[in-house]
């Protein structure tokens, strides 16, 4: 704490930068025409004007509800919230024992939107780390720039002045010329507010007097003063007031009434009030419709409207807060090493509609950008119970990114080809050759079943995830991509089987794989011709069970090569 070391001059309650001896203070206190419209405007009076109240309430609430976190940079250019940082709990959860973070930030924004400045004292613990943030009244606090360029903040607490070093005070500042709280927003926009208040007062008095305009009551020249006074009193009693709106006034003794005021239509009262709403919106960089002004603004979606609101109005305040917290709440080492930063999470504000969210999530999962559990966390859902939600998919075949290729089996012992000559082959001396062929046939059968099931699993996944049109497009254009994994699963066992029968495994594999995919394609197309979009998934599931029996067709192709 720094002692100001000077005699304090009495200051205005509305604006401590103005001494009590200034004419501006007397005008404000005694209701003189401190504005061109004749209405005295101070911070509290400004909040009685509904557009100002709505603007302050809207902006302060939207900024306060956005999460503000301390992030730690990771070696892989990533980031994570540093939950162990001393400032994280203060700015996100509880600023001090009596104020939670939402209330604190809403109060800071309220001060900013009225006084254009907000202050908070940083309470340091015994170890020199921040343990609390204490709001300071903006009308009792001011920065003082010293001759050496340093800044001391002087604030009034309990009737006494206290001084603090700049490192001890969070100072959120709006537009400023000299940096010493010289531009207070309400006092800069007081004429705009006063005009709106004057129009509001005019409308109130107009209806208070029964929606009748004032004028001049003309009496005959020879009427005595008591008679004129009685006539005026009776006229007022009958003419003025809401309860007299539909009563008829009778003027006697030659008295006449002449209108001497403009009607609300003539003074364009409704248009003036709407224009002042738009004027307040301009001061706060708000879209006028946010304050209820009937302005036709067309956005393609709520997301685009909120993004425009974020870019034009909120972003400057968000950067003001994050930058000041970075400067005062991070250590010098963390700043020099660029190991930490402070930032708002604006994702909640510009969140898309639920259909778009799920479409984006599906694309992110299919592209391998998001894991299912990450998308579930974005939707405030718990991770999957089976533990598979943390895995990423490959974009090509939608297999798991961490799934290692299947280990290649050890090559089977080479089988000597049967010599071919003009003489008939001798009968095998024993049953070893038949046993080897039977073992190779069983191994090939197992591999063939696994390869077919892999292809059909992909087809069923497409049916679950895609619309009917997208599913058909995948079958027509991407089914050929399944040839390579199909051949990879049967390749080893087919090579052994073909070698035992004197045939080429590669040739057989290509023929069998292409025939299998063509069978799948025709079966799926036939199913789509008879199934509706709602029946697609169930129909494909049933068709895939039937296609497993096509292994007989594939075995017939293999046996053709065997015999030839």
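Miscellaneous remarks
- Nearest-0.05 FRET efficiency for residue 96 and residue 346, computed from C-beta distance (R0 41 Å): 0.95
- Full extension of the segment from residue 180 to residue 545, taken as 0.36 nm per residue of separation minus the current Cα-Cα distance, would add 123.6 nm.
- Residues 291, 388 in ascending order of nearby Cβ atoms (within 10 Å, fewest first): 388, 291.
- Relative contact order [Cα under 8 Å, 6+ residues apart], the stretch 432-563, whole percent: 32 percent
- Extension gain, residue 377-residue 146: 0.36 nm per intervening residue step, less the Cα-Cα distance, totals 78.1 nm.
- When peptides 519-531, 225-237 are ranked by their average number of other Cβ atoms within 10 Å per residue, the highest-first order is 519-531, 225-237.
- Each label was represented as a point 7 Å from its Cα along the Cα-to-Cβ direction; for residue 80 and residue 137 these points are 4.6 nm apart.
- Model label points for residue 47 and residue 337, set 7 angstrom from Cα along the Cα-to-Cβ axis, are 4.4 nm apart.
- Sorting 325, 183 from the fewest to the most surrounding beta carbons within 10 angstrom yields 183, 325.
- The stretch 434-498, relative contact order [Cα under 8 Å, separation at least 6], %: 60 percent
- Computed extension gain for residue 467 through residue 327, at 0.36 nm per residue and net of the alpha carbon distance, reaches 45.3 nm.
- Theoretical FRET efficiency, 1/(1+(r/R0)^6), r = Cβ-Cβ of residue 367 and residue 285, R0 41 Å, to 0.05: 0.65
- Cβ-based exposure ranking for 479, 363, in which fewest neighbours within 10 Å come first: 363, 479
- Modelled spin labels at residue 437 and residue 228, positioned 7 Å past Cα toward Cβ, are 13.7 nm from each other.
Computed from the coordinates by the stated procedures, all read-outs in this text should not be read as laboratory data. If you're wondering where the values come from, they're calculated on a predicted model, not measured in any experiment. Heads up, the Cβs are rebuilt from the backbone with ideal geometry, glycines too, and the neighbour counts pull from every protein chain shown.
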